[in-house]
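The values are calculated or read from the model by the stated rules, or taken from the named source; none is laboratory data. Please read all numbers here as calculations on a predicted model, not as lab measurements. So basically every Cβ, Gly included, is an ideal-geometry build from the backbone, and we count neighbours across all protein chains shown.
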Amino acid sequence: MSFFHLLISALAFAGSEFDGNWKQPCVRGYQKEELFLAHSATYTEHNFRDVSCLTPSVDLISRGSLIAGAPLLEPLGASELDFIFSSVSLAPRDAAAAEFYESVSLCGLSGWRLNEEKEITGLACDLFGTGLKLQVPSAGDRKYGIVKREGESLYLGRLSPERDGNTALRRPRDLDPVAYRLAR
């Protein structure tokens, strides 16, 4: 699944019922986190060097605003929403990542430092070291998603190549089975 497919899972419904810091459990070296405040969201994908999520490597941070949409009949209890990007940043969390990014001028940028965010909004970046540059969302780009809360669990839309959230017609129809939990 691509970087952009992961980003759409960052979308969440705006409103005081959802305000707070929500986290998914570690899954094979990745952990997703959502911070919701009023009509804004900060989505962070924490990447680790190990599958147990003990050694931080890189954080990908997307910030933006939320626009609530209509309730859905399927999945029952879910609602539509839009996420509008304001910025995307990357922060190396270990020295090896910072040194590598600096050595290859990741995203065409220099000055990569340990634990410092560098804005990559709208740039083309080889985020996975495959030689393939991916277009990072620009400020104002919109993604379409779904959300559902069940008690202490928050579920966001599951992405697929056909349902990548790039248009309203490509909005996810299913929920990601891995729930976010409110961090206390």
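Going through region 161-171 one residue at a time, which ones are farther than 27 Å from LEU182 by Cβ and either crowded, with 20+ Cβ neighbours inside 10 Å or not basic (Lys, Arg) (or both)? I'd like the intermediate steps shown before the answer.
At the first step, the residues of region 161-171 found to be farther than 27 Å from LEU182 by Cβ are 161-162, 164, 166-170.
PRO161, GLU162, ASP164, ASN166, THR167, ALA168, LEU169 - these are the residues of region 161-171 that are farther than 27 Å from LEU182 by Cβ and either crowded, with 20+ Cβ neighbours inside 10 Å or not basic (Lys, Arg) (or both).
Of all the residues that make up region 141-165, how many are outside any strand (DSSP E or B) and out of contact with any strand residue (DSSP E or B) (no Cβ under 7 Å at 6 or more places or on another chain)?
Here is the first cut: in region 141-165, the residues outside any strand (DSSP E or B) are 141, 151-152, 158-165.
Pick out the ones that are also out of contact with any strand residue (DSSP E or B) (no Cβ under 7 Å at 6 or more places or on another chain) and you get 151, 159-164.
Selection size over region 141-165: 7.
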Selection within region 149-167 - over 17 Å from the mean Cα position of the chain (by Cα) and modelled with pLDDT under 95:
ARG149, GLU150, GLY151, GLU152, SER153
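What do you reckon, is ILE120 in contact with a helix residue (DSSP H, G or I) (Cβ under 6 Å, 6 or more places away or on another chain) and among the β-branched types (Val, Ile, Thr)?
Values: in contact with a helix residue (DSSP H, G or I) (Cβ under 6 Å, 6 or more places away or on another chain): yes; among the β-branched types (Val, Ile, Thr): yes.
Taking the combined requirement at face value, the residue satisfies it.
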For CYS125, all conditions in the list (1) more than 18 Å from the chain's Cα centre (by Cα); (2) surrounded by 18 or more Cβ atoms within 10 Å (Cβ to Cβ); (3) not charged (D, E, K, R) hold save one; what is the number of the exception?
(1)
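Residue-wise test of (1) within 12 Å of the chain's Cα centre (by Cα); (2) not aliphatic (A, V, I, L, M); (3) not in a strand (DSSP E or B).
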site: LYS32; (1), (2), (3): yes, yes, no
site: GLU45; (1), (2), (3): yes, yes, no
site: ASP50; (1), (2), (3): no, yes, yes
site: SER57; (1), (2), (3): no, yes, no
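Name the residue that is surrounded by the most Cβ atoms within 10 Å (Cβ to Cβ), counting only residues in region 59-115 that are in a helix (DSSP H, G or I) and on the phi > 0 side of the Ramachandran plot.
Within region 59-115, the first condition is being in a helix (DSSP H, G or I), and the residues that meet it are 95-104, 106-108.
Okay, now just the ones that are also on the phi > 0 side of the Ramachandran plot, so 107-108.
Working: CYS107: 21, GLY108: 11.
Applying the filter and picking the extreme gives CYS107.
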